[in-house]
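The structure under discussion appears below in the form of structure tokens.
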Amino acid sequence: MTDLKVVPLKQEGYKDPIAALKQIIADLESGDMEPLAMAVLVTMSDSQAVDSFAFGRKADDVVTALGLLRVGEQVILDSMIPAED
């Protein structure tokens, strides 16, 4: 897994989950984002219920989905915590 691309989810305008998902779909359809081999989505409702979804042509591989989720987690952490010199 090389050439990771961070797609920032802007807080302004992305606080509405439906609008955020629609924007991701629009970016995929327009070609602004590359076609997906797999995606992992984790949601939490107002009542704290957590659901997770893996979709795409490689989504049947649970280990790959978990790995993708962990890579995404690390990318987020790396962008929030400044690197030490």
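The values are calculated or read from the model by the stated rules, or taken from the named source; none is laboratory data. Just so it is clear, the model here is predicted, and its values are computed rather than measured. Note that we place each Cβ from the backbone using ideal geometry, even for glycine, and neighbour counts take in every protein chain shown.
The table that follows gives values for the structure above.
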{"item": "Residue in region 6-24 that is on the phi > 0 side of the Ramachandran plot and modelled with pLDDT under 85 present", "result": "yes"}
{"item": "Close pairs from region 49-73: first charged (D, E, K, R), partner surrounded by 15 or more Cβ atoms within 10 Å (Cβ to Cβ), Cβ under 6 Å, at least 6 apart", "result": "Lys58/Met38; Lys58/Thr64"}
{"item": "Every residue from region 43-65 that is surrounded by 12 or more Cβ atoms within 10 Å (Cβ to Cβ), modelled with pLDDT of 85 or more and of a type outside the set (Gly, Ala, Ser)", "result": "Phe55"}
{"item": "Test: residue in region 30-47 that is of a type in the set (Val, Ile, Thr) and in a loop (DSSP other than H, G, I, E, B)", "result": "no"}
{"item": "Any hit, region 20-37, residues being among the basic types (Lys, Arg) and more than 14 Å from the chain's Cα centre (by Cα)", "result": "no"}
